[in-house]
Structure formats: structure tokens, C-alpha cells
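In what follows, a single structure is set out as C-alpha cells and then discussed.
The values are calculated or read from the model by the stated rules, or taken from the named source; none is laboratory data. None of these values were measured; they are calculated from a predicted model. Virtual Cβ from ideal backbone geometry, glycine too; neighbours counted across all protein chains shown. With ligands, DNA and RNA removed, areas are computed over all heavy atoms of the protein, side chains included. Shrake-Rupley method; radii C 1.70, N 1.55, O 1.52, S 1.80 Å.
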Amino acid sequence: RLTKCMRLTNMLNAVLLGASGVISFTLLGQCADQSDCGTSSMAVLAFYTLLFAVLLLLFEMRVNSTRGWISKNCGFMYSNRGKAILLLFLATLCFSTMDSGLTGLWWMPLLAGIVTTINGLFVCITVYLHPSFDAYTTAYATEEMDGIGATAGRETAGAGFNGAAPPPASNYAFGDAGAGGSEY
């Protein structure tokens, strides 16, 4: 139940982050008129905010066409600790794109940053107070990744939340492939 609540919260947070990124792009037009405004750095920060918002949304929605890519390149999102660090990083991006000298919706990145900070701190506190919750979600993610082949070559059978112990490590080395025996 807590997992579903956190997923829904992260999806809403991702939508807010995406809106903040789009609004930051629209504020670039006003920023171009001012000489002291770092237009290029604000554009990069707004782009990354939007990019990571889309990534977080696709991850939490469990879109099948992106699961393999996300598990291969963004495996940290499958643990609550990694997701908390991502959320706190996204909050700093939102605070960086905020400029109160601009008119209009300048407060949107501030709102997104505050909400994202609260969400990230909630995940941190949950993991700190309930370490078994992080272990459960990491094990569940391992089983989910096994279903899409993201962990090919790793021995993860039985390492999930069903309580079975993982298989023992072997003495197999990569150089032993096709050796046929010990001819050393």
C-alpha cells in the first residue's frame, strides 16, 4: 500500500517537475532581454529538469517500452535510496532555475522544488525508519528486472522478496570459458 502511494506521489511530482521545466523554458524569452540573466545555463537546467521529470514519470508508470533502457542505464531508480537522491537533485535543479526578477510564473520552479524536497525527504525518512521497506522494494525491483532480461548473466534466482536465499557464488572466472579443464 505504501509503495502504491509513493508511486502515485512520484508521478504527480514528475508532472509538477515537467510543468516547471516547460515554464522555465518559457521564461527564457524574458530572460533574454536582461543582460545579467544566464540564459544558456537556465536553458540547460530547464532541459535537465524536463528530461528527468519525463524519466521519473515513465519509470513510475512502468511503461514496458522503456523498462529495459531504464533498468540498464538508471538502475538506481529501483532502490528507494537512489530515488531519494534523484528527487533531492531534481529539487536543486528547480531552485536553480528560479528567478524572482522575472514576471509571470516565476514561482512555479520554487513550488516544484519545495514539493520535490518534501517528497525526497519523505522517502529518506521512510528508508531510515523502515530499512526492511527499502530491502523489499529493491528485491521486488530485482525480480521485475529479471522478467525483462536486464540482469542477464547475474545469478538472481531466489533473491527476491519470496524469502529464498540467493544461490552461492561460484569460482567461475571469465577466462575459464571454453577452457575445458585445468591445463595450467
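Considered as a group, the residues in segment 65-78 that are without any contact (Cβ under 8 Å) to a residue 60 or more places away in the chain and over 19 Å from V123 (Cβ atoms) include one that is most open to solvent (accessible area, probe 1.4 Å), and that residue is W69.
Exactly one residue out of L50, L57, L86, L45 is among the aliphatic types (A, V, I, L, M) and either in contact with a His (Cβ under 6 Å, 6 or more places away or on another chain) or open to solvent by less than 40 Å² (accessible area, probe 1.4 Å) (or both), and it is L86. Being in a helix (DSSP H, G or I), of a type in the set (S, T, Y) and at pLDDT 85 or above is a condition met by at least one residue of segment 40-52. Each residue in segment 102-112 was checked for being at pLDDT below 70 and open to solvent by 50 Å² or more (accessible area, probe 1.4 Å), and 2 of them qualify. Does I70 fit the bill of being part of a helix (DSSP H, G or I) and either modelled with pLDDT of 90 or more or of a type in the set (K, R) (or both)? The answer is no for I70.
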